[in-house]
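S.K.: Take this structure first; my questions come after.
Just so you know, all these numbers are worked out from the coordinates, no wet-lab data involved. Computed from a predicted structure; not experimentally measured. Reconstructed Cβ throughout: ideal geometry from the backbone, glycine too, with neighbour counts over all protein chains shown.
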Amino acid sequence: MNLLRRHPIAIALVVLLLATAIHPLSPLVDAVTGSTPGDADLDRPILYVMFAPLSNTLDALTFFSQVRAEWALAVWILALGAWGALRRAATPLTWQRRVVRALIGPGVLLLLGLAAVVLPRPVPRLVTDGVGTVIDYHAHTNASHDGRPGWTLAKLAAWHERQGFAATYVTDHNIVYDGSLPLPEGITISLLPGVEWSVYRQHVVAIGPVEAVPRDSFGESTARMVRIFAAVERQGALSIASLPEYWRNHRDDLGAFVVAGVDGFEIVNCAPKALGFPSDLRHDVIALAGSHDLMVVGASDNHGWGQVTCVWNLSLPGAQGFRTNRVFARPLALVQGDRGGWPWAAAITQPWFMLRSLSWSERASWLTWVVIILLYRAMPRREGQAAGLGILARSLGRSRKTSVPNETPT
């Protein structure tokens with residue numbers, strides 16, 4: 001009871017780590033069937049597992065949908081600020097000191113958010129026993145207006161290589177990548193031709209032998225916009241309706257997309273605006289694509305902002321239409337649009353989902369770090385001595401005294 005009273009956060013975290021292991025989330029989910037793939041898994045680097053509390057936290061921050069991130073940020077800033085300002089101190093504090101204490105927690109939170117976006121770090125890699133090519137259908141370089149400065153083809157390719165991709169389509173906004181540029185030195189994956197067209201209230205990913213199109217011809221109305229699918233088809237390329245636009249702007253027009261000749265739909269997209277895609281609508285789109293033999297794909301939608309993907313495609317050789325891909329996604333990303341992912345509760349549910357999605361090796365790492373820190377904080381110490389190593393310091397001191405022989409003065 002004394003341990004619980006003195007270290008409630010550590011004990012609560014141990015309880016949560018054990019409780020979430022009872023009904024865990026699978027490391028990977030087939031986004032079409034909802035089942036755990038038997039022939040694919042995530043290979044986690046040693047450093048990723050060793051520092052799992054940091055690795056998993058940065059992943060969880062990366063996989064926030066925009067609306068859940070806004071709610072969580074507001075709640076956490078208020079809670080951490082209040083806790084820092086109101087927490088008891090050994091000596092009375094001036095109001096300036098209380099302000100500083102109130103800013104520490106929100107400051108650490110903002111630094112973690114920045115780290116999730118730009119900090120290079122080890123990330124999981126998809127490994128699969130299945131036949132096919134691990135591919136990304138939608139990614140950007142700094143040629144896009146919202147691409148990260150300096151995010152070159154080489155960096156984009158290296159980002160994909162680290163995570164197990166063998167190929168990616170380069171789909172910058174309204175800028176055709178035709179694959180004619182020489183591959184960066186040392187890059188072994190394939191960079192495939194593509195573009196992302198911005199048309200009336202919709203983004204359309206075109207992949208394959210793409211050419212420029214007169215985008216003004218596909219503006220002003222949905223009826224005009226859907227004609228772009230036929231224009232892409234005439235080039236010999238494939239057109240894929242991108243998220244979140246068709247969900248937010250055209251959810252009642254998807255039948256018109258099919259009639260006009262769309263070749264497929266994104267069903268998972270890792271951009272924060274797209275991660276909130278509702279699971280029931282995803283099921284409807286999958287059913288629509290299946291009934292018309294259209295592609296369904298996952299997209300990192302990488303712009304250089306973030307170190308980890310939430311989805312991979314296993315493209316099957318010789319397959320077409322609905323059977324072209326198997327889409328593997330991180331469950332923490334998929335739950336962002338579920339009913340259990342209520343935006344207003346994101347500050348609580350995101351850590352809960354994160355802990356449920358831990359592998360056993362990650363969970364063991366978390367428990368190890370909690371125990372190490374708990375022992376450090378709980379070790380007896382002399383009055384005024386820094387926390388943690390008092391008993392060790394006294395033991396070493398006694399050992400040194402007993403090891404020195406008595407000397408008689410001369």
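S.K.: Karplus couplings for the range 301-306 from phi (6.51 cos²θ - 1.76 cosθ + 1.60, θ = phi - 60°), rounded to Hz, Gly and Pro as x?
M.R.: 6, 5, 10, x, 9, x
S.K.: Pulled fully out, how much extra length does the chain show between Val99 and Ser221, if you take 0.36 nm times their separation in residues and subtract their Cα-Cα distance?
M.R.: Extra length from Val99 to Ser221 when fully extended: 38.6 nm.
S.K.: Within a Cβ distance under 14 Å of Leu114, other residues only, what is the Lys/Arg minus Asp/Glu net charge? All intermediate terms of the calculation are to be shown ahead of the outcome.
M.R.: On the way: positive: Arg121, Arg148; negative: none.
The answer is +2.
S.K.: Find the centroid of the Cα atoms in the range 127-190 and in the range 310-370, then give the distance between the two in whole Å.
M.R.: Each part reduced to its Cα centre gives a spacing of 22 Å.
S.K.: Still on this structure, I have one more. Sequence gap at least 6, Cα distance under 8 Å: using those rules, report the relative contact order of the range 216-336 to the nearest whole percent.
M.R.: 21 percent.
S.K.: So if I take the centroid of the Cα atoms in the range 196-212 and the same for the range 44-112, what is the distance between those two points in Å?
M.R.: 40
S.K.: Still on this model: By per-residue mean of other Cβ atoms within 10 Å, what is the highest-first order of 151-158, 269-276, 245-252, 125-132?
M.R.: Per-residue Cβ counts within 10 Å, averaged per peptide and sorted highest first, yield 269-276, 151-158, 245-252, 125-132.
S.K.: Using the crude model of +1 on Lys and Arg Cβ and -1 on Asp and Glu Cβ, and no other charge, please compute the dipole size for the range 154-234 relative to its Cα centre, in debye to 20.
M.R.: With only Lys, Arg, Asp and Glu charged at Cβ, the dipole is about 220 debye.
S.K.: Right, another one. Calculate the FRET efficiency for Arg234 and Gln66 from the Cβ-Cβ distance with a Förster distance of 45 Å, rounded to the nearest 0.05.
M.R.: Using R0 = 45 Å, I get an efficiency of 0.80.
S.K.: Could you give the length gained by full extension between His23 and Trp83, i.e. 0.36 nm per residue of separation minus their alpha carbon distance, to one decimal place?
M.R.: In short, 18.5 nm is gained.
S.K.: With a cut-off of 8 Å between alpha carbons and a minimum separation of six or more residues, what is the relative contact order of the range 53-183 in percent?
M.R.: Here the relative contact order equals 21 percent.
S.K.: Based on the Kirkwood radius over alpha-carbon pairs, what value in µm²/s does the Stokes-Einstein equation return for the translational diffusion coefficient of the chain at 25 °C and 0.890 mPa s?
M.R.: Reported coefficient: 103 µm²/s.
S.K.: So what are the radius of gyration and Dmax for the Cα set of the range 141-244, in Å?
M.R.: 14.4, 46
S.K.: Relative to the longest principal Cα axis of the chain, at what angle does helix 279-291 sit, 0 to 90 degrees, rounded to 10?
M.R.: Helix 279-291 sits roughly 30 degrees off the main axis of the chain.
S.K.: I've got another one for you. In what order do Leu181, Leu28, Leu93 fall by count of nearby beta-carbon atoms within 10 Å, going from fewest to most?
M.R.: Leu181, Leu93, Leu28
S.K.: How high is the FRET efficiency between Arg251 and Thr188 when r is their beta carbon distance and R₀ equals 30 Å, given to the nearest 0.05?
M.R.: So, using R0 = 30 Å, E works out to roughly 0.15.
S.K.: Order by neighbour count: Glu196, Glu70, Glu220, fewest other Cβ atoms within 10 Å first, most last. Before the final figure, lay out each step's value.
M.R.: Values: Glu196 24, Glu70 14, Glu220 11.
The fewest-first ordering by Cβ neighbours comes to Glu220, Glu70, Glu196.
S.K.: Which whole number of Å³ per residue matches the convex hull of the alpha-carbon atoms in the range 247-351?
M.R.: Roughly 120 Å³ of hull volume per residue.
S.K.: Quick one: work out Rg over Rh on the C-alpha atoms of the range 78-214, Rh as Kirkwood radius.
M.R.: Rg/Rh: 1.22.
S.K.: When the chain is treated as a GNM, springs tying every alpha-carbon pair under 10 Å, which of Thr36, Thr94, Thr133 comes out with the largest mean-square fluctuation?
M.R.: Comparing Thr36, Thr94, Thr133 in a Gaussian network model of the chain, the most mobile one is Thr94.
S.K.: Semi-axes of the range 231-285's equivalent ellipsoid from the Cα gyration tensor, sqrt of 5 times each eigenvalue, largest first, rounded to whole Å? Walk me through the numbers on the way to the answer.
M.R.: Details: eigenvalues 89, 33, 15 Å².
Gyration-tensor ellipsoid for the range 231-285: 21, 13, 9 Å.
S.K.: Separate question: Among Asp178, Asp253, Asp301, rank each residue by its count of other Cβ atoms within 10 Å, from fewest to most, as a rough exposure measure.
M.R.: Asp178, Asp253, Asp301
S.K.: Only bridges whose two residues both fall in the chain count here: according to DSSP, what percent of them are antiparallel, nearest 5? Can you show the working numbers first?
M.R.: Numbers: 25 of 39 bridges.
Looking only at bridges with both residues in the chain, the antiparallel portion is about 65 percent.
S.K.: Further question: Using only Cα atoms and rounding to the nearest 10 degrees, what angle (0 to 90) does helix 66-86 make with the longest principal axis of the chain?
M.R.: Approximately 20 degrees, to the nearest 10.
S.K.: For the chain, take the longest principal axis of its alpha carbons; what is the angle in degrees between that and the long axis of helix 360-378, to the nearest 10 within 0 to 90?
M.R.: 30
S.K.: Here is a follow-up. For the range 29-357, what is the charge dipole size about the Cα centre, in debye to the nearest 20, if Lys and Arg each add +1 at the Cβ and Asp and Glu each add -1 at the Cβ?
M.R.: 1640
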